[in-house]
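To start, the structure itself, in structure tokens.
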Amino acid sequence: MGIKATKAKYPFRFIELLIRRGDMDIKTVRVHTCNQRSEGYIEKKCRCRKFVTHEVAAELMDDGYAKNIITLRKWIEIRIACPMCSGQEQFKRSCGMCGKTGVALVPKLYEEYGEDIYMRPFLKTPRTATVEEEHVEYAYVKGDKDAIKRIELYNELTLESLAGLGAAIIRKTRTGKVLETVLKGRPEPEDDPKKGQGRTYDYGRSI
């Protein structure tokens, strides 16, 4: 029975078979996110159950997010030209490193790769102490003392950093009234058009 006849006699069954055949043809790759002692080396069976298509796996590897897993890793010895005599006849006769053979055995790490991929650990930028939304909420909504102390300490560090750049440290009230000049700092020069100084006139001059 031909394809047309089969399709005519079993229309729904024929479509179902095509769908199943299509699913079987779509090959998938297992994605490992398990923690191994050595990056990428899968020494034993894991419980990773995520699968992606070959196209997605290739895209992840091209972007640097994934690599093929290492299924075998061992040290082997390879033969290279002696680093002392370079295998040259006139020198290897008296070479003690290679035993007059002109060849040296050096260890090399041998690895075999599988079809599965593993997600590479991301390079994380170091986090610095700062004040975030949660700290403000804990401090002034929930009244957390540690959060309040964190904000006050961060404010002091900010003032200290600005003072190092020449800023003046002045304590004011909420209405703007000056209470105390803690540090005079190095104030910017007053406007002077003749000297070309000040915020208005010091626009930068070519050397």
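Asp191: net charge of surrounding residues, Cβ under 13 Å, Lys/Arg +1, Asp/Glu -1, itself excluded?
That sum, taken over residues with Cβ under 13 Å, equals -1.
Applying 1/(1 + (r/R0)^6) with R0 = 35 Å to the Cβ-Cβ distance of Gln88 and Glu112, what FRET efficiency is obtained, to the nearest 0.05?
So the FRET efficiency works out to roughly 0.50.
At what distance in nm do the modelled label points of Ala168 and Cys46 sit from each other, each positioned 7 Å from its Cα along Cα→Cβ?
6.1 nm
Report the gain in length on full extension from Leu159 to Asp202: 0.36 nm times residue separation, minus Cα-Cα distance, nm rounded to one decimal.
Length gained, Leu159 through Asp202: 12.9 nm.
For the range 39-170, what's the relative contact order in percent, using C-alpha pairs closer than 8 Å and at least 6 residues apart?
Relative CO of the range 39-170 lands at 22 percent.
Starting from the Cα-Cα distance between Ile78 and Val103, subtract it from 0.36 nm times their residue separation and give me the gain in nm to one decimal.
Full extension of this stretch gives 8.0 nm more.
Report the extension gain between Ile151 and Thr130 in nm, rounded to one decimal, defined as 0.36 nm multiplied by the number of residues separating them, less their alpha carbon distance.
Net length gain for the segment: 6.7 nm.
What's the ranking of 157-166, 76-85 by average number of surrounding C-beta atoms within 10 Å, highest first?
Top of the packing list down: 76-85, 157-166.
Say each of Asp144 and Asp62 gets a label point 7 Å from the Cα, pointing the same way as Cα to Cβ; how far apart are those two points in nm?
4.4 nm
Each reported figure results from applying straightforward, stated rules to the coordinates on display, with no laboratory input. In this text the structure is predicted, and so the values were computed from the model without any measurement. Because the Cβ atoms are built from the backbone with ideal geometry, glycine has one as well, and the counts that use them run over all protein chains shown.
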